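Structure, as structure tokens:
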Amino acid sequence: MDYKSTMNEQFYRQIFDKQQQVDAVPSNREITAWAMQLIRLLYPEQSKQVFNSVEQLKVEFKKLEKELCQVMDATKACEACDNEQLAKEFFERIPELYNVLNTDIQAIFNGDPAACSEFEVVRTYPGFFAISFYRLAHSLYKHDVPLIPRILTEYAHSKTGIDIHPAAQIGEYFYIDHGTGIVIGESCIIGRHVKLYQGVTLGALSVDKNMAFTKRHPTVEDNVVIYSGATILGGETVIGHDSVIGGNVWLTKSVLPNSTVYHTPAITVFNKVKA
């Protein structure tokens, strides 16, 4: 056997061995399809499905609870979990999650002059799509479910350009306007009635691996507006309540409550047409 054939054989053996060792996890499509079914159950604006009785609706919720348990059973990363109990606890908190999502819808509808109805927000707004997946993922994360929360938020990221880590803590009435390019890091804490425009980064000052499990991302208190392109970094950085952060601002230090922070660019316009 020549050198090239030997190398190819080693390659195939390496891939084969890896396939025997890798954790079994249902496909991302299966996991996100389950989440999408749940969101459509909560918000029939996104679905054609009609139920003829409350009992029929309860059966559907129970079916999704069983499917979540099956997904976790099939995920070897979750072998140590009591999956049946986790799924039960997760669905017991669905009414609470639904109420919080409704505050997000209200914040978007009330805050955006272009929104004609809450139906439009639920059906078309990428901000609500990303928030709804985040809220599901965060609830699973709080129950110590591994891997699945990240799959859900990365799916929403791929669809909307909005990247929210499932561990981030976000209060009620969260409003994302437009949304593309928003990044919200793992240890970020966001209060109530916060509004973010596109391109906002709530990130870390350092991405060293030894900083894992530390507070690396900012805290944003209640009633804060952060305009497009703003970058706020660092675990000790706190944006005080009722503040406004202007577009393209770069912050690595805390801001007192009731502050207005803005960036002043130097813009020069030349007219090539001679008088």
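Results, tabulated for the structure shown:
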read-out: Considering residues of the range 36-66 that are in a helix (DSSP H, G or I) and of a type in the set (Val, Ile, Thr) only, the residue surrounded by the fewest Cβ atoms within 10 Å (Cβ to Cβ); value: Val54
read-out: Contacts under 8 angstrom Cβ, first residue in the range 1-25 being closer than 27 Å to Leu147 by Cβ, partner at pLDDT 80 or above, 6 or more apart; value: Ala24/Ala74; Val25/Ala74; Val25/Leu147
read-out: Neighbours by Cβ (under 6 Å, 6+ apart or cross-chain): first from the range 103-121, farther than 18 Å from Ile39 by Cβ; second aromatic (Phe, Trp, Tyr) and outside any helix (DSSP H, G or I); value: Gly111/Tyr175
read-out: Residue within the range 168-177 that is among the aliphatic types (A, V, I, L, M), within 14 Å of the chain's Cα centre (by Cα), part of a loop (DSSP other than H, G, I, E, B) and surrounded by 19 or more Cβ atoms within 10 Å (Cβ to Cβ) present; value: yes
read-out: Scan of the range 88-143 for residues that are β-branched (Val, Ile, Thr) and under 14 Å from Glu172 (Cα atoms), ordered by number; value: Val100, Thr103, Ile105, Ile108, Ile131
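The values are calculated or read from the model by the stated rules, or taken from the named source; none is laboratory data. Keep in mind that what you see is a predicted model, and the values were worked out from it rather than measured. Using ideal geometry, Cβ is built from the backbone for each residue, glycine included, and neighbour counts are taken over all protein chains shown.
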